[in-house]
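Structure incoming, see below.
We did not get these values from a lab; they are worked out from the coordinates using the rules stated. Note that this is a predicted model, so its numbers are computed, not measured. FYI the Cβ positions are ideal-geometry reconstructions off the backbone, even for glycines, and counts take in every protein chain you see.
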Amino acid sequence: MALVKAGVVVLDCAEPEKLAGFYKELLEGEETDATANRVEIRGSEGMRMAFRRDMNATPPSWPRPENALQAHLDFVVDDLDEAERRVIGLGGRPLETRDASGPFEERGYADPAGHSFTLRLVTPTAPKQG
């Protein structure tokens, strides 16, 4: 029998209900548990995330070094433009703007609480550069 039964990515934030709603819609998932200080969801493909209330939470300032990157999520998508429209429609914002002259493998965003994440067309295989 496995010692660890499941893994959950947990993000601290001031408003866990609001942030859980953002990711629940983005991942086309469902809420699986909620207390006064924590909300957990499961995405349609099984990814589990939880959002814990921390009234002193401050968003990461990535890419600025003052408040180093605390966590980073990658989501693999089939269509970057469609996924970007959905992210922005749900209240996310772009972090990295790129020259619009052609397609790109990935794009960076922040969720409504400021946590960064990347939408990727393919699963990353190369080491991070820079």
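Report the FRET efficiency, 1/(1 + (r/R0)^6), for L121 and D54, where r is their Cβ-Cβ distance and R0 is 30 Å, rounded to 0.05. Provide the component values of the computation, followed by the final result.
On the way: r = 33 Å, r/R0 = 1.10.
Efficiency for this residue pair is about 0.35.
A further question on this structure: Testing the spin-label approximation: label points 7 Å from Cα along Cα→Cβ at E30 and V10. State their distance in nm.
2.4 nm
State, to one decimal in nm, how far the label point of R38 lies from the label point of H72, with both points 7 Å from Cα in the Cβ direction.
It works out to 2.7 nm between the two label points.
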